[in-house]
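Here the structure is laid out as structure tokens; the discussion comes afterwards.
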Amino acid sequence: MKQLAAGTAALVLKACSAALLVAAAAQAQELRLRLLHTTDVHVHLAPYDYYQDKPSSEYGLALTATLIKAARKEQPNTLLFDNGDLLQGNPLGDYVARARPLATGAQQPAHREPFQHPAHRVMQALGYDAANIGNHEFNYGLPFLRNALAGAGIPYVNANIVLDDGSERGGANAFTPWLMLERRFTDEAGATQTLKVGVIGFVPPQVMQWDRQNLLGKVKARDIVETAREFVPRIKAAGADLIVAIPHSGFERGETVFFAENTVARLAETPGIDAILFGHSHGEFPGRFFATHPKVDLARGTINGIPAVMPGRWGDHLGVIDLTLQKSGTGSAARWTVKDARAALRPVYDREKRQALVQPDEQVMKLIAPEHEATLATMRAEVARTTAPIHSYFAQVADDPSVQVVSDAQIAYARRALQGTPHEKLPLLSAAAPFKTGGRQGWSAYTDIPAGPIALRNVADLYVYPNTVKVLKLSGAQVREWLEMAAGAFNRIDPAGPPEQNLLNTAFPSFNFDTLDGLSYRIDVTQAARYDRSGKLVAPDARRIVELRHDGKPVLDAAEFAVVTNNYRATGGGNFPGLDGSQVVLDAPDENREALLQYLQAKKTLDPTADGNWRVLPVPGVKLRFLSGAAAAALLPNYPQIKWVRDNGDGSALFELAP
């Protein structure tokens, strides 16, 4: 009996040991991997507002770096990526690209050899694994971009920009389309596992419009999803255990079209993609803004079941995707699959409490110190003086001094440039839009220049982008449609609807809200928007632009005008009807900011007043409400047509446009 009992015990022990070995083997096949993601940094390396010349706790890669290091301590199995729009976007970026920003007639020199951009210096120190090319990377031209990438010290990908070989689809890829990262990670049992991660990047095809002058005849763009369907199977066939897509593209709602700018929803339906790190539209996913988008699980941070993250802009968030991978099969047949996935955002700033959540990383601050200090010294140089404040708090609802001064400068530049040409006798108009209008940029993101000195930093604040001056010849009918497209900035107000209605269409970018100086007009917001954001005519009987006049007389369809604008708008940026580059009669080499600088230097003292050439018509019985920065309250004495309603407690306030 004792021998039988001992034998039984041995069998039980053996069975238990086998079970433990099986359990351990199963555990050994599970691996946790963390993907970290930044996007749309726009050269905000330091937590500093160069336009207001003061530190900020709300953004900056030096703050994100603190989150990156903390996230790595929590999970050592990490990969770190950036999604582009890194090299352009603030005065430090201009300083690096031109060495002397806003210099007279400044044109981007063709760097003859690679150099290391301070943004890449930081990224290399932080150990970024790969990066994607954003649309703004093309703003300074291909020679600058290629040399910056050559000296980056980290690999870059882009799959949908190809060389222009004269064919309809273009030729070979202009950049490395995808790469394979082979990394050794520790699984849940403590064993070392080799993981092959395929990485592919995309940029909006619209770069061919937005940077036409830099790209035409050199490269072509392909559709993002079409390109993904071509390359993802190749990456899988090359042995990728995991495929990470990095589209510099936003999350569209509903059906999208071929060659679309925002394609993340369709990309999430592309077989083979395991995670999506996206950006471009400066949004925050997962976030409540996307709660009603189809196929979204906000709690898990997935789109169509695929983990995805979009961490805002300027380094104000770190995107985190935590993956649990499971390995099945043995030998060459072994495969890793995603067992579980969750995406989340980590902010650097608490907007509700209005307090910093992290401190700047000292290593990053030391790495960028030379360029940061040089930018400060350059931007503090005085160029003129202003007798009154110049701000953009109300630029979306009323004629505004910050837009007016840009328009005046453009007209002065174009008038000189058109002298002696066949077009100098044409009535001259100027198109300008507000760039800094809070909202998703943050409720402190406004132009706010006090009375007194105007420094070079203020010039860059008034005109943020490195656009160049263009003059178009247009008919009265084309001018009217231009304004109708811009009037999409407003919601349709129902006269028989609620007594309080939101005036501003928050989905409409403020940089597309062009106003045309040289004309007078009114905007009837009880009418439907004539065009949608893509420039499609959706309400052919609607007319928001009324009382359109030049020199007090109604504008006739056959009238002719010269309109000064920028290269972005002139070549189709913003999808304005009829604007495709064919109407350009003056292709100036100078930046709009340079035109503004020349104007201010010539004026010496500026009296910033808007001429009131346009206004929104009141709607009887309806209060037209809109949001702006709470700091705008101090300026209300100068705006009798605007009333304070309440402070929202998050840096914004509710205002009302009075009749």
Exercise for the section: Show the residues, 5+ positions off or on another chain, whose built amide H is closer than 5 Å to the amide H of Asn132. Expected result: Asp82, Asn83, Gly84, Val157
Handout entry: Distance from segment 595-631 to segment 257-335 (C-alpha centre basis), Å
Key = 40 Å
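Given N residues in segment 510-659, what is Rg(Cα) / (2.2 N^0.38 Å)? Display every interim value, and only then the final one.
On the way: Rg = 18.5 Å, N = 150, 2.2 N^0.38 = 14.8 Å.
Taking N as the residue count of segment 510-659, the ratio is 1.25.
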Handout entry: Folded to 0 to 90 degrees: helix 592-603 orientation relative to the chain principal axis, Cα
Key = 40 degrees
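Apply the a/c threshold of 1.5 to the C-alpha gyration tensor of segment 562-636 and tell me whether it is rounded, prolate or oblate.
Details: a/c = 2.50, a/b = 1.34, b/c = 1.87.
Because a/c hits 1.5 or more and a/b fails to exceed b/c, segment 562-636 counts as oblate.
Output the relative contact order of the chain, whole-number percent, from Cα pairs under 8 angstrom with separation of 6+ residues. Before the final figure, lay out the partial values.
Values: 1504 pairs, mean separation 90.5, N = 659.
Computed over the chain, the figure is 14 percent.
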Handout entry: GluC sites (Glu not before Pro) restricted to segment 259-289 and DSSP loop, no more than 11 other C-beta within 10 Å
Key = none
Exercise for the section: Any chance you could get the radius of gyration and Dmax over the Cα atoms of segment 427-478, in Å? Expected result: 14.9, 42
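Chymotrypsin sites (Phe, Trp or Tyr not before Pro) within segment 189-288: which are DSSP loop residues with at most 12 other Cβ atoms inside 10 Å?
Details: sites: Phe202, Trp210, Phe231, Phe251, Phe258, Phe259, Phe278; in loops: Phe251, Phe258, Phe259, Phe278.
Hits after loop and neighbour filter: Phe258.
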Practice task
Restrict the search to segment 338-411; then list the GluC sites (Glu not before Pro) that DSSP places in a loop and that have at most 11 other Cβ atoms within 10 Å of their Cβ.
Solution key: Glu352
Practice task
Tally the DSSP beta bridges in segment 181-314 and give the antiparallel ones as a percent, rounded to 5.
Solution key: 55 percent
Problem - Descending Cα extents along the principal axes, segment 442-552, whole Å - result: 47, 39, 30
Handout entry: Calculated FRET value between Arg415 and Asn502, using beta carbons and R₀ = 45 Å, to 0.05
Key = 0.70
Practice task
Using a cut-off of 12 Å between beta-carbons, work out the net charge of the residues near Asp85 (Lys and Arg +1, Asp and Glu -1, Asp85 not included).
Solution key: -2
Problem - Accessible surface ranking that places the most exposed of Val645, Val257, Val563 first, with a 1.4 angstrom probe - result: Val257, Val645, Val563
Handout entry: Prolate/oblate/rounded label for segment 330-375 (Cα gyration tensor, a/c 1.5)
Key = oblate
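From largest accessible area down, sort Trp644, Trp336, Trp178, Trp314; use a 1.4 Å probe on the protein chains.
Trp644, Trp178, Trp314, Trp336
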Exercise for the section: Please give the solvent-accessible surface of Val471 in Å², to the nearest 10, using a probe radius of 1.4 Å with every protein chain present. Expected result: 0 Å²
Problem - Descending principal axes extents, the chain, alpha-carbon based, whole Å - result: 116, 60, 48
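Can you compute the FRET efficiency between Asp340 and Gln116 using 1/(1 + (r/R0)^6), with r the Cβ-Cβ distance and R0 = 35 Å? Round to the nearest 0.05.
Numbers: r = 39 Å, r/R0 = 1.11.
The calculated FRET efficiency here is 0.35.
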Exercise for the section: Quick one: angle between helix 401-418 and the longest Cα principal axis of the chain, in degrees between 0 and 90, rounded to 10, please. Expected result: 70 degrees
Practice task
Determine by what factor the alpha-carbon radius of gyration of segment 386-454 differs from 2.2 N^0.38 Å, reporting the quotient.
Solution key: 1.38
Handout entry: Helical mean residue ellipticity (222 nm; -39500 (n - 2.57) per DSSP H run of 4+; nearest 500) of the chain
Key = -7500 deg cm²/dmol
Problem - Spatial separation of Cα centroids for segment 427-486 and segment 356-384, in angstrom - result: 26 Å
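Give me the percent of DSSP beta bridges within the chain that run antiparallel, rounded to the nearest 5. Intermediate values should be presented prior to the final figure.
Values: 83 of 113 bridges.
The answer is about 75 percent antiparallel.
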Exercise for the section: With a 1.4 Å probe and every protein chain left in place, tell me how much accessible area His391 has, in Å² to the nearest 10. Expected result: 10 Å²
Handout entry: Gyration tensor verdict on segment 247-354 (Cα atoms; rounded if a/c is under 1.5, prolate if a/b is larger than b/c, oblate otherwise)
Key = oblate
Practice task
Note the angle between two axes, namely the Cα long axis of helix 61-74 and the longest principal axis of the Cα atoms of the chain, as a number of degrees from 0 to 90, rounded to the nearest 10.
Solution key: 20 degrees
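The values are calculated or read from the model by the stated rules, or taken from the named source; none is laboratory data. Small disclaimer: the values here were computed from a predicted structure and weren't measured. Methodologically, a virtual Cβ is constructed for each residue, glycine included, from the backbone with ideal geometry; neighbour enumeration extends over all protein chains shown. Ligands, DNA and RNA are stripped out before the accessible areas are found, and what is left, the full protein with its side chains, is counted by its heavy atoms. Shrake-Rupley method; radii C 1.70, N 1.55, O 1.52, S 1.80 Å.
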